[in-house]
Amino acid sequence: MKESELFTPVKKLLLNQGCKDVYGEVCNYDVVGVAPDSEFIVEMKKNMNFKVIEQAHQGIGRAKYVYIAIPKPKSEIPNRFARTILNDYGIGLIYIDSDSASIEIPSAEHDIHWRNIREDVLPHNKIMIGGVKSGDGPTEYSITIDAVKAFMRDRDWVTIEEILQHVDTHYSNPKPSLAATLRATWNESWCERKIIKRKTHFKFKND
């Protein structure tokens, strides 16, 4: 079962949980559900591992509920330690069996202390399928990031304002949205930042 095949049952589950809309591939998260008074982040994997736990943990503070979704295992023994970690961090667990999904461990209710994930939902996320590998096709997000990288690659430290003077983005509110994106943990591999004269500057990491 591919990760993208987990999307439909997860979407159905989130709609049953009260979400009015479910989106795929929002920022670095597989699935995002938005209800009137809450948000859901779901990271999907074919099996439980520390990578997916780390990815889900990064969603804490950006949504009220955070889950990991995996196919229902034949045995619980391999997941015992993982379940302990999930309980410690308040991360929920969803099991997918054929074309249905059910909550095995409810997520704790998390406070929002970072940028709310619903603020990063874009129109194209409505038709995206969660779990599709980023290399399978360009998105508005990837096009924006590629353009930002191209501008920054051969330059020294630049501000958000300087980037936006030369790069068109897909964001409806470009300055705070791009600043949050460049600060995100998943962009640390290529983007570094520091304060120069009380202003945040960014630079492309050249290996």
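Nothing in this text is a laboratory measurement; each read-out follows from the coordinates by a stated rule. Computed from a predicted model, the values in this text were never measured in an experiment. Every residue, glycine as well, gets a Cβ built from its backbone with ideal geometry; the counts of neighbours run over all protein chains shown.
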- Message: Cut-off 10 angstrom, C-alpha nodes, Gaussian network model of the chain. Which of Glu188, Glu140, Glu109 fluctuates the most?
- Response: Glu188
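Which percentage, to the nearest 5, of the DSSP beta bridges contained in the stretch 3-119 is antiparallel? Walk me through the intermediate numbers first.
Working: 15 of 26 bridges.
That works out to approximately 60 percent antiparallel.
Antiparallel versus total DSSP beta bridges in the chain: what percent is that, nearest 5? The partial results should precede the final answer.
Values: 22 of 33 bridges.
Approximately 65 percent, going by the DSSP bridge assignments.
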- CD proxy, 222 nm, the chain: helix-only mean residue ellipticity via -39,500 (n - 2.57) per DSSP H run with n ≥ 4, per residue, nearest 500, stands at -8000 deg cm²/dmol
- Whole Å is fine, so just give me how far the alpha carbon centre of the stretch 155-189 lies from that of the stretch 1-54. 26
- Item | Student exercise, the chain dipole from Lys, Arg, Asp, Glu Cβ charges, in Debye to nearest 20 | 420
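Can you sort Tyr171, Tyr23 by how many other beta carbons sit within 10 Å, fewest first? Mind dumping the intermediate values first?
Numbers: Tyr171 18, Tyr23 26.
Starting with the residue having the fewest Cβ neighbours, the order is Tyr171, Tyr23.
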- Can you count the Lys pairs in the stretch 117-207 whose Cα atoms are under 28 Å apart, with each pair 8 or more apart or on different chains? 20
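Only counting other Cβ atoms within 10 Å, I'd like Arg80, Arg198 sorted with the fewest neighbours first.
Numbers: Arg80 9, Arg198 5.
Placing the least packed residue first, the sequence is Arg198, Arg80.
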- Query: Non-local amide H neighbours of Asp21 (under 5 Å, H modeled in plane, Pro and chain starts lacking H): which ones?
  - Reply: Val34
- Message: Would the stretch 3-119 count as rounded, prolate or oblate if I go by the C-alpha gyration tensor, calling it rounded below 1.5 in a/c and otherwise prolate when a/b exceeds b/c, oblate otherwise?
- Response: oblate
- Item | Computed P(r) (all Cα pairs; the stretch 138-204; 10 Å bins; percent) | 21, 63, 16, 1
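Divide, for the chain, the radius of gyration over alpha carbons by 2.2 N^0.38 Å, where N is the residue count.
Numbers: Rg = 18.1 Å, N = 207, 2.2 N^0.38 = 16.7 Å.
This ratio for the chain stands at 1.08.
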